[in-house]
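Laboratory data are not the source of any read-out in this text; all were calculated from the coordinates shown. Just so it is clear, the model here is predicted, and its values are computed rather than measured. Methodologically, a virtual Cβ is constructed for each residue, glycine included, from the backbone with ideal geometry; neighbour enumeration extends over all protein chains shown.
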Amino acid sequence: MASQLQRLVEVMDRLRSPGGCPWDAEQTHESLVKYLLEESYEFIDSVDAKDREGMREELGDVLLQVYFHSRIAQDHPTDPFSIEDVAQAIADKLIRRHPHVFKGLQVSGTEEIIENWEEIKAKEKGRTSALDGVALAQPALPLVEKLLYRAEKYKVNVELTNYQSNKPATEESVGEALASIIAWARDNEIDPENALRLYGRQIAEQIKAAESR
């Protein structure tokens, strides 16, 4: 029996080839980005709902996006790559970044595993700045969280207003505080996503300034 993954390769090739589907044939990486985001969010919804059937279906939709982009990449005139290249790259990366599994490196626990991963990643990418590799196009909340994490990791001081609350910090109380801030922004006709993204850029500028000293 042929691999279903190989079958998907063949289906995508048929759709993108002459005589296939005109819509599929005209798609680009840029035109498909919104679908990758949409399918990812739908998978998250199915996880939150503990919907096993939905998870299987939505993972298939996410997988389609990976194969679709890879098939488009095959047609690049100067720098083509295929799903095989994508799979090889991620498999090689996993082996390199898990030396405790594939090279017998002794580790004390998960914290050291994460530290090793970050160190190996930094060496591979040649990263020297706290901002290297931060996806600035991601939603504002994870962006700011990532920037603060990187600033702490690279020991860059970031000036922030200290939030005060008489409640202990729990997921519920933090969620309530964030929701209150969003409501406050809406009451004042301010887009909270844009506001946080703008502040994230200010944090990034603080990091750049600190690193240039």
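Rounded, prolate or oblate: which one fits segment 1-57, using the alpha carbon gyration tensor with axes a ≥ b ≥ c (rounded when a/c is under 1.5, else prolate when a/b beats b/c, else oblate)? Verdict is oblate for segment 1-57.
Helix 52-74 and the longest principal axis of the Cα set of the chain meet at an angle near 70°.
The trypsin sites (Lys or Arg not before Pro) of segment 16-120 that DSSP puts in a loop, and whose beta carbon has at most 10 other beta carbons within 10 Å, are K50, K103. Based on C-alpha pairs under 8 angstrom that are at least 6 apart in sequence, the chain has a relative contact order of 13 percent. For segment 52-95 and segment 113-156, compute the distance between their C-alpha centroids and round to whole Å. One Cα centre to the other: 24 Å. Given that just one value was derived from the coordinates, which of (1) 61, 44, 29; (2) 80, 40, 24; (3) 63, 50, 38 is Cα extents along the principal axes in Å? So the structure-derived entry is (3). For the chain, find the longest principal axis of its Cα atoms and tell me its angle to the long axis of helix 83-96, 0 to 90°, nearest 10. Once rounded, one gets 50 degrees. Does segment 22-122 come out rounded, prolate or oblate by the C-alpha gyration tensor, with a ≥ b ≥ c the root eigenvalues, rounded set by a/c under 1.5 and, if not, prolate when a/b is larger than b/c and oblate if not? Note, shape of segment 22-122 comes out oblate. Between 0 and 90 degrees, the angle of helix 110-125 with respect to the longest Cα principal axis of the chain falls at about 70 degrees.
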